[in-house]
Amino acid sequence: MVRILGIESSCDETAAAVVADGAHILSNVVSSQVALHAKYGGVVPELASRAHLERILPVVREACEQADLGYGDLDAIAVTQGPGLIGSLLVGLTYAKTMAWALGKPVIGVNHLEGHIHAVLLEAQQKATVAVATKESAPAIEFPVVTLVVSGGHTALYHVRREPLPNRGEAFRYHYRLLGQTLDDAAGEAYDKVAKLLGLGYPGGPVIDLLARSGNPDAVVFTKPHIRRGRPYDFSFSGIKTAVVRRVERNGLRAESEERAARRRAQLETPLEELCSQQTLDLLASFQRTVVEDLTERTLAAADDFEARAVFVSGGVAANSLLRKIFTEECAIRGVPVFFPSVPLSTDNAAMIAAAAYPKFLASEFADLALNADAALKLGV
Ligand code: KG4
Ligand code: ZN
């Protein structure tokens, strides 16, 4: 059994996990900094790096304790190399390299986006193993896969293939091709900015997801983002964010937004829904539907064009209830299976980093101690 310790610190979660054979989560510890950044309405990079420094040691220790393993039992240490905030990445990377050097273990650098894709593969393999044990059936994943990674920092579409490595026994490699990505804001960033504007707090995704259920998604018609011809899989969300700003001003919704922000700051307990006019709820529902439809349409166009055998949706925004519903319905119509990670594995975590490192371990793709953080690390070609 190959036991890999994963370390993730690319943004505002300090996380460590131990995963066996890329398929069994032995521990998965996440220390979130959401409360620390909430009052700023977004992640403050300098505060994030300091918090990672404080949390990294206890988080790694807890991950090993929960897995009931000593450091010496680990086979490798995997760490997020990028993309992300450079100061935050450096904390995890330096810790991982130091541990690897002190213990004489190999270190494996992992792309954060590859991690999000592996959150899905990890759980599919987990289900497959349980199915073998219980003699039930679990849907096997067939390739190629079209994957949407959609979070606060990223919105990107990938085509993923899996190929065995010749003459290397069980070793295999994933090939990633970037089909398209956001030209400006990430989808989660748009959620967070709209929530800040409307006095709903941070992070914006979960609260808008909830409030949008009480609004009319047909109330406001937003124009679809204009993307250059020939780039059908690119995204753009800054236009809709600006359209929401204009609506708030034009419809006199600013005063109620400021009132909500003040009440939250004063930590008054009134449920947010009671502080939102129907016009605001309608605006949120329309915003959400436009974003989700855009994500779904472009992803499914890519799935059709590339004859994908499965669709993955991963990253923080993959927790969105409307997004899951629309993807599930549309993929059922096409007869293509769609996979989402469970909610804890949708947002940033280290189990996905340890899982992504497993094929690299089998292929002996180890880094040396010169491994450096790369804030703009690219995945695939
Ligand atoms: O993957 P993640 O934890 O961190 C990044 O790599 O960015 O994603 C966080 C993002 C935030 O922008 C948050 O607002 C969004 O995911 N998010 C959601 C939902 N839950 C989290 N967006 C829409 N609906 C949700 N239910
Ligand atoms: Zn992420």
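Bear in mind that the values in this text are calculations on the coordinates, not laboratory data. These numbers come from a predicted model, not from an experiment. Positions of Cβ are generated from backbone atoms using ideal geometry, with glycine treated the same way; all protein chains shown enter the neighbour counts.
Okay, here's what the table says:
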read-out	value
Beta bridges by DSSP in the range 24-158, antiparallel share as percent, to the nearest 5	45
Relative contact order (%) - the range 1-143, alpha-carbon pairs under 8 angstrom, separation at least six	25
Ranked packing of 289-297, 116-124, 89-97, 49-57, most packed first, by mean Cβ within 10 Å	116-124, 89-97, 289-297, 49-57
Modelled label reach - residue 171, point 7 Å along Cα→Cβ, the range 344-381 residues with backbone N closer than 18 Å	356-368
The range 16-115 - Rg over Rh from alpha carbon coordinates, Kirkwood radius	0.97
Relative contact order of the range 1-72, pairs being alpha-carbon contacts under 8 Å that are 6 or more residues apart, as %	31
Tilt relative to the chain, helix 321-334 - C-alpha long axis, 0 to 90 degrees, to 10	70
Segments 319-332, 145-158, 249-262 sorted - mean Cβ within 10 Å per residue, highest first	145-158, 319-332, 249-262
Directionally averaged projected area (convex hull, Cα atoms, the chain), nm²	19.9
The range 246-289, Rg to Rh (Cα coordinates; Rh as Kirkwood inverse mean 1/r)	0.99
Burial order of peptide ranges 277-285, 169-177 (average beta-carbon count within 10 Å, highest first)	277-285, 169-177
Length-normalised contact order for the chain - Cα pairs under 8 Å, 6+ apart - percent	26
The chain, dipole about Cα centre (Lys/Arg Cβ +1, Asp/Glu Cβ -1), debye to the nearest 20	600
Cβ-placed point charges (K, R +1; D, E -1), dipole of the range 292-362 about Cα centre in debye, nearest 20	340
Share antiparallel - DSSP beta bridges, the chain, percent rounded to 5	65
Nearest-ten-degree value, helix 45-66 long axis tilted from longest Cα axis of the chain	50
Under 18 Å, Cα to Cα: Lys pairs in the chain, sequence gap 8 or more or different chains	10
Residue with peak Gaussian network fluctuation, the chain [Cα springs, cutoff 10 Å], from 317, 245, 59	245
C-alpha long axis of helix 112-134 to longest principal axis of the chain, angle in °	70
Förster-model FRET efficiency, 22 Å R0, residue 309 and residue 365, C-beta, rounded to 0.05	0.30
Residue 71-residue 297 FRET efficiency (beta carbon distance; Förster radius 41 Å; 0.05 resolution)	0.30
